[in-house]
Ligand SMILES: Cc1cc2nc3c(=O)[nH]c(=O)nc-3n(C[C@H](O)[C@H](O)[C@H](O)COP(=O)(O)OP(=O)(O)OC[C@H]3O[C@@H](n4cnc5c(N)ncnc54)[C@H](O)[C@@H]3O)c2cc1C
């Protein structure tokens, strides 16, 4: 399916969102991701396809990609994406993923590392639209305050809903056992959703297991770098 770029938005110093209009109605669940194909000249060995979470909520009927650019060291794919102008198109191959919230009435904890906030942005806006933000703790770790993506949305949601609490942490602080215990008092009553770089997700998962959180209550979304396992 060809998606037409309708807006390119700078979120932070090095993070940009690309908002696309699908040619017809597309349905998906908040938290899912898309495979994209972007043929370009001289692709590097990471190739011309990528996976990105849909960072926009389904009710908006537009598909948004949000990603970080490493300007000197961008992959050829990211260079090609960055050079897209409003009116240009990108090919999306398929939508999939199970990192979705099926039971919004349960007590939830979202733990995001950096750009790993993208599925939570989609999920939170969708829940807001359905008035289903009941009891959510978001722990959002970043390098520093300037690199926090979607801060305005998070501030707005925190003001609007009593049912959401947000704890920001910055390097070198880590989301470890102590921090989880301190931020989540009713830890055994909650479902945990973890999203971010592989190393961060694995270390938070280990911390939760050491705290004896039931594995069934831990859902994960890894953001590997291309080629990383
Ligand atoms: C389910 C899923 C959802 C995802 N959702 C998102 C999302 O919403 N937003 C997002 O930004 N990413 C997301 N990703 C990750 C995304 O697919 C890319 O892998 C990631 O953005 C890196 O892009 P890139 O390879 O173009 O490298 P770049 O971002 O251009 O490069 C990043 C830096 O890492 C280095 N680097 C990257 N890959 C390698 C490698 N294989 N070996 C050595 N060095 C490397 C580069 O030199 C550069 O310094 C998701 C991945 C998955 C699997």
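Computed from the coordinates by the stated procedures, all read-outs in this text should not be read as laboratory data. Given the structure is predicted, the values throughout are model-derived calculations rather than measurements. FYI the Cβ positions are ideal-geometry reconstructions off the backbone, even for glycines, and counts take in every protein chain you see.
Figures for the structure shown
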| quantity | calculated |
| --- | --- |
| Taking the stretch 1-115 and dividing mean pair separation by its residue count, relative contact order in percent (alpha carbons under 8 Å, at least six apart) | 35 |
| Per residue convex hull volume, Cα atoms of the stretch 107-222, in Å³ | 95 |
| Cα gyration tensor category, rounded, prolate or oblate, for the stretch 2-96 with a/c compared to 1.5 | prolate |
| Paramagnetic reach from residue 88 (point 7 Å along Cα→Cβ, amide N under 18 Å) across the stretch 45-78 | 47-52, 63-78 |
| Candidates 163, 31, 113, ranked by Gaussian network fluctuation over the chain, Cα under 10 Å, top entry | 163 |
| log₁₀ of I(q)/I(0) at q = 0.11 Å⁻¹ - the chain, Debye sum with one point per alpha carbon | -0.55 |
| Cα long-axis angle, helix 151-160 against the chain (0 to 90 degrees, to the nearest 10) | 40 |
| Tilt relative to the chain, helix 198-210 - C-alpha long axis, 0 to 90 degrees, to 10 | 20 |
| Simple spin-label estimate for residue 169 and residue 107 in nanometres, 7 Å along Cα-Cβ | 1.9 |
| Packing-based ranking, highest mean first, of 119-129, 18-28 given that Cβ atoms within 10 Å are counted | 119-129, 18-28 |
| In degrees, nearest ten, helix 118-129 long axis to first principal axis of the chain (Cα) | 70 |
| Antiparallel %, DSSP beta bridges [both residues in the chain], to 5 | 50 |
| Sites residue 176 and residue 70 - FRET efficiency at Förster radius 41 Å, r taken between beta-carbons, to 0.05 | 0.90 |
| Euclidean distance of C-alpha centroids, the stretch 79-103 and the stretch 125-157, integer Å | 21 |
